[in-house]
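These notes are about the structure you will find just below.
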Amino acid sequence: MPFAMLMSKIGYKGTLILGLAVAGIGFIINSFGIQSAIAAQANVYVVFLASMCLVACGVVMLQNVANPYVMVLGSPEKGAFRMTLSQALNSVATTLAPLFITYVIIRGQAPTPSAVPGPFLGLGIFTLVICLILVFLKLPRIDEAKQAEDAGVHREYKSSVFKYPHVWLGALAIFMYMGVEIGVPSMLPYKFKAMPEYASNYASVATSFLAFYWGGMMVGRFVGAAILAKFQPRKLLSACLCLGALCIALSIILPGMIGIYAMLAAGLFHSVMWPLIFNLGLQELGPHTKAATGVINTGVIGAALLMPLMGSVVDAAGVIIATCCLFIFYAYILWFCNLGSKIGLSK
């Protein structure tokens, strides 16, 4: 929320530049801080964690800029398409980054603190160079209310973003979505642990199979962007929710590796949920779009709260009951998609 208010003051470009600057400085502090901690034989982890909190602040600013900027940079009807395509490119980075770290940075070496400063210094310099380029790059200035007027849409806006129910319901939908997206990676190790042939090394096996899940999300976002050219966002989101729930149901019913692959296949349908939920939560907000993205982004706390809850359910009642929690998340998002996101709208 504070970053969304900041964005309202300094605009999209200003927040984008500031976010990159903060992240870049965090990376550089990380590099020199770890070098100093190693030399002084101090606690490296504390230094790393503190500097990464600074990086995280920069990333949050970028996230607050990216979603509404992509949403309003063009016609509202194509907003879901643009957001899904941008998330697809994000998934490419998510898929390639671990490979880059494994084969370019680590290159078979033992993962020790001394291996961190060099790559993080490189990341910091690269980020600050991009930041400097953006300072001199002319980006379109967007006035959401004026944009709607120019498109022939005459609408009276409420005095505050807090008076739009679909924004708050969208934040809760993102909260539930985090349970869906992170639920599969969280439950997968338990599934392998229950299989005798993998019981001794279930954690490493589960980690290797997660590449299929994240890769499926990448493919799903590119396919979803293409489908959105012809289908309405609500219809696509409803279909993906139902198919994702079907995959999870099959993972409970089917034995062994067949059930594992059914769970991993859910990633294909989870892929478009974030941008489509965001798109529905940012409808008809005009000048409140910037503030609304901050409200909706608070829903990511679901990843921190729902996973420990599901872990407690695993300990108390078993992995099958914990996996069934996903159906609660699916059900709420489906309600938001077809009913909750329409509350208070003009159409």
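Key figures
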item: Residues of region 281-301 satisfying the condition of being touching a Lys or Arg at 6+ places or on another chain (Cβ under 7 Å) and either within 20 Å of Met195 (Cβ to Cβ) or in a helix (DSSP H, G or I) (or both); result: Gly286
item: Matching residues in region 40-67 - criterion: being of a type in the set (Val, Ile, Thr) and within 30 Å of Lys13 (Cβ to Cβ); result: Val55, Val59, Val60, Val65
item: Residue that is modelled with the highest pLDDT [pool: residues in region 24-64 that are open to solvent by 70 Å² or more (accessible area, probe 1.4 Å), within 28 Å of Gly299 (Cβ to Cβ) and β-branched (Val, Ile, Thr)]; result: Ile25
item: Residue that is least open to solvent (accessible area, probe 1.4 Å), among those in region 185-210 that are of a type in the set (D, E, K, R) and within 20 Å of Cys324 (Cα to Cα); result: Lys191
item: Test for Ala21: is it of a type in the set (A, V, I, L, M, F, W, C) and either modelled with pLDDT of 70 or more or not in a helix (DSSP H, G or I) (or both); result: yes
item: Search result, residues across region 224-242 that are exposed (fewer than 15 other Cβ atoms within 10 Å of the Cβ), free of Cβ contacts under 8 Å to residues at least 60 places away in the same chain and assigned to a helix (DSSP H, G or I); result: Ala226, Lys235, Ala239
item: Positions within region 195-221 being more than 16 Å from Leu264 (Cβ to Cβ) and assigned to a loop (DSSP other than H, G, I, E, B), in sequence order; result: Ala199, Ser200, Asn201
item: Unique match (being modelled with pLDDT under 90, among the small types (Gly, Ala, Ser) and part of a helix (DSSP H, G or I)) among Ala304, Ala316; result: Ala304
item: Residue in region 127-146 that is modelled with pLDDT of 90 or more, closer than 20 Å to Ala303 by Cα and either surrounded by 17 or more Cβ atoms within 10 Å (Cβ to Cβ) or within 24 Å of the chain's Cα centre (by Cα) (or both) present; result: no
item: Verdict on Phe231 being more than 20 Å from the chain's Cα centre (by Cα) and within 22 Å of Gly299 (Cα to Cα); result: no
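The values are calculated or read from the model by the stated rules, or taken from the named source; none is laboratory data. Just so you know, these numbers come straight off a predicted model, no measurement behind them. Methodologically, a virtual Cβ is constructed for each residue, glycine included, from the backbone with ideal geometry; neighbour enumeration extends over all protein chains shown. Side chains are part of the model used for accessible areas, which takes the heavy atoms of the whole protein and leaves out ligands, DNA and RNA. Shrake-Rupley method; radii C 1.70, N 1.55, O 1.52, S 1.80 Å.
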